[in-house]
Amino acid sequence: MGISVCKTGPQDAGLCHILVSLPPGTGPRGMNAAVRAVVRMGIYVGAKVYFIYEGYQGMVDGGSNIVEADWESVSSILQVGGTIIGSARCKDFRSREGRLKAAANLIQLGITNLCVIGGDGSLTGANIFRREWSGLLEELAKDGKIDKEAVQRHGHLNVVGMVGSIDNDFCGTDMTIGTDSALHRIMEVVDAIMTTAQSHQRTFVLEVMGRHCGYLALVSALACGADWVFLPESPPEEGWQEDMCIKLSENRARKKRLNIIIVAEGAIDTQNKPITSEQIKELVVTQLGYDTRVTILGHVQRGGTPSAFDRILASRMGVEAVVALLQATPETPACVVSLSGNQAVRLPLMECVQMTQDVQKAMDEGRFKEAVKLRGSLCPSGLECASRLRLQLNGRELRQTNCNVGVVNVGAPAAGMNAAVRAAVRVGISDGHKMFAVYDGFEGFAKGNIKEIGWADVGGWTGQGGSILGTKRTLPGKYLEDIAAQMRAHRINALLIIGGFEAYLGLLELSAAREKHEEFCVPMVMVPATVSNNVPGSDFSIGADTALNTITDTCDRIKQSASGTKRRVFIIETMGGFCGYLANMGALAAGADAAYIFEEPFDIRDLQSNVEHLTEKMKTTIQRGLVLRNESCSENYTTDFIYQLYSEEGRGVFDCRKNVLGHMQQGGAPSPFDRNFGTKISARAMQWISSKLKESLGKGKRFVSDDSICVLGISKRNLVFQPVAELKKETDFEHRIPKEQWWLKLRPLMKILAKYKASFEVSEAGQLEPVQHRGPEEPAAI
């Protein structure tokens with residue numbers, strides 16, 4: 001698969017072309033979003049754009065495989081899986097003779113820049129091509145196929161890579177394009193299997209992709225609460241067969257009606273011998289006599305519609321890649337555009353490739369701990385978390401702390417809350433605490449709706465939407481006396497609050513009440529969970545990704561309905577309060593024409609401009625429009641007003657429809673991202689609580705300092721605890737949003753891809769960063 005972008009430089013430095021190449025024989029979901037972004041950003045900056053069909057093979061063969069693309073040729077492809085321009089294995093490109101042919105084809109069109117989407121093999125091939133470029137041109141000139149002027153004009157080749165792989169097996173980036181979509185498909189299958197397994201009391205062995213990387217297996221296991229997981233990088237210890245059978249039988253003894261075992265296709269033991277799904281089934285049947293089934297997911301993990309995360313990731317990477325090529329000089333080494341936290345960064349391509357190859361070498365030599373460290377996405381804390389959540393220690397192994405920890409959900413329900421509660425309860429029990437569930441928010445707290453919750457009580461919670469504990473928006477202010485009395489009665493030594501902006505306000509009220517009520521002088525931490533993604537102190541909230549996928553899926557269906565009727569514009573209202581995250585990111589993921597948000601004030605002139613833009617669009621082959629509106633973006637420019645304005649101004653050119661998505665954005669099963677995020681961040685919150693309680697053990701310490709009452713969230717690239725008192729100055733309390741929001745930097749990207757003029761801010765430094773190892777506490781592909 002290939003794509004080329006060609007731009008006339010200021011000194012006729014030649015045409016800047018971007019080749020996008022997928023790994024041979026693969027086409028993970030999200031590739032089309034990257035293709036669309038590269039093409040449209042290239043055209044936006046004044047480039048000519050070419051498709052190169054069938055990857056490197058198309059580049060070698062040339063001719064009809066290289067076709068000029070335009071703005072409309074990448075329309076309506078965001079929701080399409082695979083790649084519209086094909087992918088093929090190419091032996092020819094591995095030889096110098098083949099690369100010589102490729103160079104000749106590129107020079108004919110003045111291509112001097114390549115953007116390669118692929119794995120380490122494809123990226124390594126592109127770098128070899130780059131190193132040989134000047135020599136290839138000299139050879140072509142010697143053979144008389146190009147003139148010396150062409151050699152001078154196109155004397156260097158710039159290369160930028162994007163990583164497309166469902167395995168997430170490339171070092172240097174938190175997530176590769178296609179991984180999140182593959183997790184969506186895996187979880188759909190797992191959720192379906194769990195219902196039938198529960199009915200028949202069966203054990204299921206699920207084999208997922210990952211020949212050399214266990215990321216899909218690990219995250220799937222975390223997201224579904226699997227009983228056991230097998231990974232290539234972290235083989236089970238000797239005697240694992242007995243340990244696993246004991247674990248499965250213990251779960252059955254606790255009335256658990258199903259067992260789920262996740263196996264990466266490349267799973268091995270400590271002797272580097274394969275562990276297969278059939279081998280595991282044979283073991284379970286022989287040793288335990290359980291009715292056991294094997295399901296190999298295979299290539300269904302590659303197909304289907306891309307997730308919202310993958311569309312946004314690929315769009316960001318595609319735009320950043322074009323900018324990187326425009327900024328490149330002959331001295332610039334090949335780079336790869338990566339994701340670190342929520343930041344787009346550029347890293348030296350070959351350093352990342354080398355580290356990826358070092359992982360495999362470490363595995364081959366039995367240095368598995370080093371392999372996990374090098375991998376990055378499989379940080380040690382992630383493996384430890386998976387182990388702690390599935391293995392319940394018996395009473396003799398547990399060191400009881402005599403501490404009681406309360407868990408409460410506050411605010412509106414958000415998908416992923418239950419996964420967060422499950423993780424908190426199990427990590428808390430593993431740390432020796434007694435865990436208490438508080439039902440129905442602060443109101444239930446005041447009424448004494450509190451009971452101890454055990455390990456088995458939270459089994460099967462990860463895949464359930466809403467809030468099993470119940471949640472209300474009520475703040476604790478008017479119940480302080482009653483809540484203090486309940487904390488005293490149940491001897492609550494620490495509190496974990498999972499919720500949205502109401503939870504944040506509640507935490508502030510509890511902090512202020514510490515002077516009057518010593519019961520509140522305990523460690524308190526809040527984990528953000530709201531579809532609105534408006535909690536200060538965190539760039540992401542549990543539930544926002546699920547809501548974003550609901551919006552994206554709905555927009556896909558609406559766009560499909562418009563493809564038949566033609567000349568129709570849809571106005572869609574999203575939730576979020578005053579926070580425009582869902583509207584803006586939904587517009588980027590769905591390929592909308594405009595998104596109205598509170599953070600960017602607009603007036604009647606802007607509305608008129610959008611109508612004119614859509615009127616022009618109806619003259620092209622793309623005869624449909626999509627406009628998203630945040631529910632509180634304007635007091636006067638309501639959804640009805642905008643609908644009526646568009647209907648009147650577009651009369652005779654297009655007609656309008658409106659759709660208010662409402663509470664469907666809060667419902668449904670949580671996405672893999674929200675399950676994984678909720679599990680990891682809640683487990684980290686409990687570790688913080690345990691460390692605080694350990695400080696006070698036997699000392700009767702009262703917690704009154706600001707750093708004992710915090711919000712835990714992702715800030716840029718780090719997972720950080722921020723005292724709630726310090727976050728007050730960063731909060732717009734009137735509109736219930738943070739004063740600064742990272743995603744607003746992506747707003748110009750949405751506008752550019754919708755054909756509006758905008759100034760786009762590229763990666764933080766706009767230059768190469770060193771490849772770094774993540775520490776054990778860093779979020780690493782959370």
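Observations on the structure shown:
- Using θ = phi - 60° and Karplus 6.51 cos²θ - 1.76 cosθ + 1.60, couplings along segment 173-183 (whole Hz; Gly, Pro as x): 10, 5, 9, 9, 5, x, 5, 4, 5, 4, 5
- Fully extending the segment from T270 to H613 would add 117.3 nm, taking 0.36 nm per residue of separation and subtracting the current Cα-Cα distance.
- Compared with the dominant principal axis of the Cα atoms in the chain, helix 349-364 is inclined by about 50°.
- Cα lying deepest toward the dipole's positive end in segment 86-216, options Q198, A102, L140, charges on Cβ: L140
- Calculated FRET value between R651 and S75, using beta carbons and R₀ = 41 Å, to 0.05: 0.95
- Mean Cβ count within 10 Å, highest first, over the residues of peptides 433-439, 252-258, 542-548: 542-548, 433-439, 252-258
- Accessible area per residue, Å², the chain with all protein chains present, probe 1.4 Å: 38 Å²
- On Cα atoms only, tilt of 480-489 relative to the major axis of the chain in degrees: 70 degrees
- Accessible surface of segment 179-302 [probe 1.4 Å, protein heavy atoms]: carbon and sulfur percent: 47 percent
- Stretching I128 away from K361 to a fully extended chain increases their span by 81.8 nm, per 0.36 nm per residue minus the current alpha-carbon distance.
- Between Q644 and S249, the modelled label-to-label distance comes to 7.3 nm, taking each label 7 Å out from Cα in the direction of the beta carbon.
- Size of electric dipole in segment 196-272: Cβ of Lys, Arg +1 and of Asp, Glu -1, about Cα centre, debye, nearest 20: 620 debye
- Solvent-accessible surface (1.4 angstrom probe) belonging to E138, in square angstrom, nearest 10: 120 Å²
- Largest-first ordering by accessible area, 1.4 Å probe, given options L106, L475: L475, L106
- Surface composition of segment 544-666: carbon and sulfur atoms hold 47% of the protein heavy-atom accessible area at a 1.4 Å probe.
- Option label - Kirkwood radius over Cα pairs in Å computed here, alternatives (1) 26.6; (2) 27.5; (3) 36.1: (2)
- Protection proxy ranking, peptides 662-675, 302-315, 173-186, 591-604, average beta carbon neighbours within 10 Å, highest first: 173-186, 302-315, 662-675, 591-604
- Note on the chain: antiparallel DSSP beta bridges, both residues inside, total approximately 30 percent of the bridges counted.
- Annotation: for a label point projected 7 angstrom from Cα along Cα→Cβ of T196, residues of segment 207-235 with backbone N closer than 15 Å are 207.
- Extended-chain gain in nm, criterion 0.36 nm per residue less alpha-carbon gap, E515 and D706: 67.5 nm
- For segment 659-670, putting each phi into the Karplus relation 6.51 cos²θ - 1.76 cosθ + 1.60 with θ = phi - 60° gives couplings of 8, 9, 6, x, 6, 5, 6, 8, x, x, 5, x Hz, in residue order, rounded to whole numbers and with x for Gly and Pro.
- Each peptide in 701-709, 688-696, 337-345 receives the mean, over its residues, of other Cβ atoms within 10 Å, and ordering these scores from highest gives 337-345, 688-696, 701-709.
- When Y290, Y44 are compared by accessible surface with a 1.4 Å probe, the order from highest to lowest is Y44, Y290.
- Using alpha-carbon coordinates, inclination of helix 501-512 to the longest axis of the chain, degrees: 50 degrees
- Only helices enter the 222 nm calculation for the chain: every DSSP H run of n ≥ 4 contributes -39,500 (n - 2.57), and dividing by all residues gives -12500 deg cm²/dmol, rounded to 500.
- Equivalent ellipsoid semi-axes, segment 46-192, via Cα gyration tensor eigenvalues times 5, rooted, Å: 33, 17, 13
The values are calculated or read from the model by the stated rules, or taken from the named source; none is laboratory data. These figures come from a predicted structure and were not determined experimentally. So basically every Cβ, Gly included, is an ideal-geometry build from the backbone, and we count neighbours across all protein chains shown. Ligands, DNA and RNA are excluded from the accessible area calculation, which covers all protein heavy atoms including side chains. Shrake-Rupley method; radii C 1.70, N 1.55, O 1.52, S 1.80 Å.
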